[in-house]
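Asker: Can you read through this structure? Questions will come right after.
Since every read-out is calculated from the coordinates, none of them should be taken as a lab result. Computed from a predicted structure; not experimentally measured. Neighbour counts run over all protein chains shown; Cβ positions are idealised from the backbone, glycine included.
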Ligand code: KG4
Ligand code: ZN
């Protein structure tokens with residue numbers, strides 16, 4: 001079984017070819033970072049046009065690297081949401097066009113399901129598992145029961161954690177994307193110099209909040225002489241990163257207790273999404289998993305940040321179950337993994 005995957009929901013144009021035995025025959029990611037850097041964040045219109053400029057060539061390249069023609073592909077999987085809708089449309093329409101022209105099954109993939117199942121591509125993790133999904137648009141704890149079966153245990157009540165990294169980096173003049181920039185700056189910093197708040201720490205439940213932490217960092221930066229010296233920037237970055245890791249670990253500890261009560265056989269904690277590339281967070285979660293008699297699975301950083309391998313893999317999982325979509329599937333800017341959990345939530349989904 002071989003699936004072509006297409007990803008265009010944010011600022012990475014990506015195409016990959018994956019087989020049913022978890023082999024990545026090709027896995028190409030074209031980052032648009034340079035296009036968006038002057039604006040300090042992603043400009044949706046620029047992103048959509050750049051996807052359109054590159055997607056055909058990238059798909060041809062992915063097939064060439066995999067050394068196969070479209071005649072060997074069993075299905076086409078494309079991200080159909082959630083995300084920046086202009087970009088999502090580009091990938092979804094391209095995927096549908098290939099499926100139509102070659103009479104192949106089309107698989108409309110939820111980008112979040114791509115992240116959620118990435119640990120099954122990298123590590124063959126068995127269901128059920130507890131998932132901490134941390135990305136630019138999302139911060140959620142989910143029980144993953146099976147393909148298409150997710151129970152949300154907690155979500156952010158304000159910002160996504162990746163957004164907090166990006167905004168903090170902007171404040172510190174570290175540029176975009178913020179996560180890797182903060183991580184680099186933090187390497188030389190003292191994480192104990194600033195005692196930033198750990199929002200919701202010690203409270204029951206599994207929800208997250210990052211607005212208070214972001215405000216505390218802003219107030220600290222504003223009180224400094226401008227521009228702050230590099231040593232201070234490094235200390236703020238390290239202290240911020242530590243506060244985020246503490247907050248995430250605390251909420252995840254509560255989720256582990258809930259998860260274990262509901263799924264006594266479940267022993268795996270998975271962290272996925274762009275922020276899961278963060279080394280400090282991985283260390284923190286490894287320690288938490290050990291304390292809780294759980295095993296932490298963190299896919300390699302390349303599979304954590306946006307890519308098409310995870311989309312093709314979600315396609316393989318769905319194809320195996322016969323979950324094929326019609327070519328009339330409408331791309332969605334919002335598409336929660338657990339629709340039952342969204343009522344009353346202010347979180348982006
Ligand atoms: O999953 P992703 O690539 O795109 C979305 O679906 O949102 O996540 C992107 C987010 C950005 O906010 C970026 O700053 C963050 O992941 N990120 C990191 C790191 N690498 C990427 N955050 C912290 N540390 C990193 N090393
Ligand atoms: Zn993502």
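Asker: Report the residues of the range 145-183 in range of a label on residue 226: point 7 Å along Cα→C-beta, backbone N strictly under 15 Å from it.
Answerer: Flagged as within label range: 170-174.
Asker: Hey, rough spin-label estimate for residue 291 and residue 329, points 7 angstrom out along Cα→Cβ, what's it come to in nanometres?
Answerer: Using points 7 Å along Cα→Cβ, the separation is 4.0 nm.
Asker: Quick check: the angle from helix 44-66's long axis to the longest principal axis of the chain, C-alpha only, nearest 10 degrees?
Answerer: Result, in degrees: 60.
Asker: Looking at the chain only, what percent of DSSP beta bridges run antiparallel? Nearest 5 please.
Answerer: Looking only at bridges with both residues in the chain, the antiparallel portion is about 60 percent.
Asker: Taking 1 over the mean of 1/r across every pair of different Cα atoms in the range 128-301, what Kirkwood radius in Å do you get?
Answerer: When all Cα pairs of the range 128-301 are included, the Kirkwood radius is 16.3 Å.
Asker: Also, I was wondering about something else. Using a basic spin-label model with each label point 7 Å from the Cα along Cα→Cβ, how many nm lie between residue 257 and residue 203?
Answerer: 1.6
Asker: If neighbour count is taken as other Cβ atoms inside 10 Å, put 46, 256, 109 in order from fewest to most.
Answerer: Going from least to most buried by this count: 46, 256, 109.
Asker: For the chain, find the longest principal axis of its Cα atoms and tell me its angle to the long axis of helix 85-102, 0 to 90°, nearest 10.
Answerer: Its long axis makes an angle of about 20 degrees.
Asker: Based on the Cβ-Cβ distance from residue 190 to residue 103, what FRET efficiency comes out when R0 is 56 Å, to the nearest 0.05?
Answerer: 0.40
Asker: For residue 45 and residue 149, calculate 0.36 nm times their separation in residues minus their Cα-Cα distance, and state this gained length in nm to one decimal.
Answerer: Between residue 45 and residue 149, full extension yields 34.1 nm more.
Asker: In addition: Kirkwood hydrodynamic radius of the range 197-299 from all distinct Cα pairs, in Å?
Answerer: 15.1
Asker: Under 10 Å, Cα contacts only: if you run a Gaussian network model on the chain, which one of 328, 56, 338 comes out with the highest mean-square fluctuation?
Answerer: 328
Asker: Moving to a separate point now. Taking the 0 to 90 degree range and rounding to the nearest ten, how far is the long axis of helix 211-222 tilted relative to the main principal axis of the chain, both from C-alpha atoms?
Answerer: Roughly 60 degrees between the two axes.
Asker: Right, something else. Determine, from the Cβ-Cβ distance of residue 53 and residue 340 and an R0 of 45 Å, the FRET efficiency 1/(1 + (r/R0)^6), rounded to the nearest 0.05.
Answerer: 0.70
Asker: What number, rounded to the nearest 500 deg cm²/dmol, is the helix-based mean residue ellipticity at 222 nm of the chain, given -39500 (n - 2.57) per DSSP H run of at least four residues and division by all its residues?
Answerer: About -14000 deg cm²/dmol.
Asker: Here's a follow-up. Distance in nm between label sites at residue 23 and residue 61, each 7 Å beyond Cα in the beta-carbon direction?
Answerer: 2.3
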